[in-house]
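Written out below as structure tokens is the structure these notes cover.
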Amino acid sequence: MTEHAERQGWMGLLARAPAARLAALMGDAPGFDWLRAPEVGGVMVRGRAGGTGAPFNLGEMTVTRCALRLATGEVGHACVRGRDKTHARQAALVDALMQGPRAAGVRAGVLDPLAAEEAARRHARAAKAAATKVEFFTMVRGEA
């Protein structure tokens, strides 16, 4: 996996993570300076019919973005859905920490638990959907 794809993975995980759970896993935040203070805005969400058709505008979504620099020089960015500025700050802090010497500890203490919890939520949702699945079959009539 390339460094770029790996970073996309953890930034997506942080954006999808419940803000309260991320806060609980974060602990104390290191010192930082804002490059871009958290700001709320909107983005256009696009879709494709069937996943392959022509793109169309689905609607707008509120997002919060920010950028910061740790005292040690690493830069972190975040863009999360909604208006939660604290969630954006925490995600940007984790992004910055993942680029420095504390990356292994942050992965074990924050990213791995979030990934496991997300996988468990997806599995539970899939199991709930599977419980409502209806099997249709055709009985073959015997020919006389």
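The values are calculated or read from the model by the stated rules, or taken from the named source; none is laboratory data. All values derive from a computational prediction rather than experimental measurement. Here Cβ is always computed from backbone atoms with ideal geometry, including for glycine, and neighbour counts include all displayed protein chains.
Tell me the residue from Asp33, Asp28 that is of a type outside the set (Lys, Arg), at negative phi and without any contact (Cβ under 8 Å) to a residue 12 or more places away in the chain, please.
On the way: Asp33 fails: without any contact (Cβ under 8 Å) to a residue 12 or more places away in the chain.
From the options Asp33, Asp28, the qualifying one is Asp28.
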For segment 123-140, indicate whether the set of residues that are within 27 Å of Val63 (Cβ to Cβ), of a type outside the set (A, V, I, L, M) and at pLDDT below 95 is non-empty.
-> yes
May I ask you to list the residues in segment 14-36 that are under 24 Å from Thr72 (Cα atoms) and touching a Leu at 6+ places or on another chain (Cβ under 9 Å)?
-> Leu14, Leu22, Leu25, Met26, Ala29, Pro30, Gly31, Phe32, Asp33, Trp34, Leu35, Arg36
Consider Ala126 carefully, then state whether it is assigned to a helix (DSSP H, G or I), in contact (Cβ under 8 Å) with a residue 12 or more places away in the chain and within 19 Å of the chain's Cα centre (by Cα).
-> no
Condition test on Leu13, is it out of contact with any strand residue (DSSP E or B) (no Cβ under 9 Å at 6 or more places or on another chain), over 19 Å from Ala67 (Cβ atoms) and touching a residue at least 40 places away in the same chain (Cβ under 8 Å)?
-> no
Can you give me the number of residues within segment 28-57 that are in contact with a helix residue (DSSP H, G or I) (Cβ under 8 Å, 6 or more places away or on another chain), surrounded by 10 or more Cβ atoms within 10 Å (Cβ to Cβ) and hydrophobic (A, V, I, L, M, F, W, C)?
-> 3
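So, Ala108, is that one more than 15 Å from Trp10 (Cα to Cα) and surrounded by fewer than 18 Cβ atoms within 10 Å (Cβ to Cβ) or not? Break it down stepwise before answering.
Numbers: more than 15 Å from Trp10 (Cα to Cα): no; surrounded by fewer than 18 Cβ atoms within 10 Å (Cβ to Cβ): yes.
Answer is no for this residue.
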Residues located in segment 16-25, provided they are touching a residue at least 40 places away in the same chain (Cβ under 8 Å) and either of a type in the set (Gly, Ala, Ser) or more than 14 Å from Leu97 (Cβ to Cβ) (or both) = Arg16, Ala17, Ala19, Arg21, Ala23
